[in-house]
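Quick notes on the structure that follows.
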Amino acid sequence: MSGLTSKLAILAIGSTLLLPSEPGDRTKDRVLVFTRNGKGYVHANIPASVEAIRNLAAERSIEVEASDDPNSFSDDNLRRFNAIVFSNSNNDVFTEEAQRLALQKFVREGGGIVGIHVATGTERNWPWFAAMMGGRFVRHPKLQKFTVRVTDRSHPATKDLPETFEWEDECYYHDSMNPDVRILLTTESSKLEDPKKSEFPGENFKGPVPLSWYHEYGGGRQYYVGLGHKDEHYSNPILRQQILGGLLWAAGVEKTPQR
């Protein structure tokens, strides 16, 4: 029995009641990494992101299965996982309504969701997905250096990060932001080089631009980090800590002070 499984067994023994919406009802040592892209731009960073997730998960004896096949989204298959990572998935990724329904059921039954970088650009015409992911990608200014500020240290993804750090990346702007998300990272919009800033985001992010967040949604847990455009980002300890911490929280392995 693995160390992770042993810990889960101890937790289960100490529990008098397991609610159906709890992530603990699912297998905490297996996650699905979904990388499908619909018509449009495809990030070259996908292999690097998948490799990073595999290596980070292996440190905690978590098995990773990567797929770009939308048929992975069936009730029977998703039942095998405790979390799904949308790693740079983009645009329309599902081909059948049954796949969307399977994802909704997965979340409703306590499954965890992690989104990385352009994951918020996935299924842009599906309001439920935007609400679950926390927001919908609209656009970004050119890749540039900016200062990232950690606004919440209570989360496993950010607990060991410096208060601020310099980062070169695409700064994503979102609309349809879910008001229930807890913001983890921001940058100042006034310091971004962006000639179209008045068009969008305009008044939406007149001050800090949210870069990472988490919340509980519809029975499950969701974590998102917008950093990660370049291949080399996935070997950077700052992003790797966020991905691992976000995954462990979404999967129910680690907690926040709120839960």
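The values are calculated or read from the model by the stated rules, or taken from the named source; none is laboratory data. What you see is a predicted model; the values in this text were computed from it and never measured. Every residue, glycine among them, receives a Cβ derived from its backbone with ideal geometry; neighbour counts consider all protein chains shown.
Results, tabulated for the structure shown:
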read-out	value
Test: residue in the stretch 187-201 that is within 17 Å of ARG149 (Cα to Cα), of a type outside the set (Val, Ile, Thr), part of a strand (DSSP E or B) and at pLDDT 95 or above	yes
Complete set of residues in the stretch 136-158 that are of a type outside the set (S, T, N, Q), in contact with a strand residue (DSSP E or B) (Cβ under 7 Å, 6 or more places away or on another chain) and in a loop (DSSP other than H, G, I, E, B)	HIS140, LEU143, ASP152, HIS155, ALA157
Number of positions in the stretch 142-180 that are in contact with a helix residue (DSSP H, G or I) (Cβ under 8 Å, 6 or more places away or on another chain) and of a type in the set (S, T, N, Q)	4
Checklist (1) farther than 25 Å from ALA44 by Cβ; (2) buried (at least 24 other Cβ atoms within 10 Å of the Cβ); (3) over 15 Å from the mean Cα position of the chain (by Cα) applied to GLY112, failing item	(3)
Selection from the stretch 37-88 of residues that are within 24 Å of GLU109 (Cα to Cα), among the small types (Gly, Ala, Ser) and without any contact (Cβ under 8 Å) to a residue 60 or more places away in the chain	SER61, ALA66, SER67, SER72, SER74, SER87
Qualifying residue in the stretch 223-234 (condition: surrounded by fewer than 16 Cβ atoms within 10 Å (Cβ to Cβ) and either touching a His at 6+ places or on another chain (Cβ under 9 Å) or under 30 Å from ARG79 (Cβ atoms) (or both))	no
LEU161, sole failed condition from (1) in a helix (DSSP H, G or I); (2) buried (at least 16 other Cβ atoms within 10 Å of the Cβ); (3) touching a Lys or Arg at 6+ places or on another chain (Cβ under 9 Å)	(1)
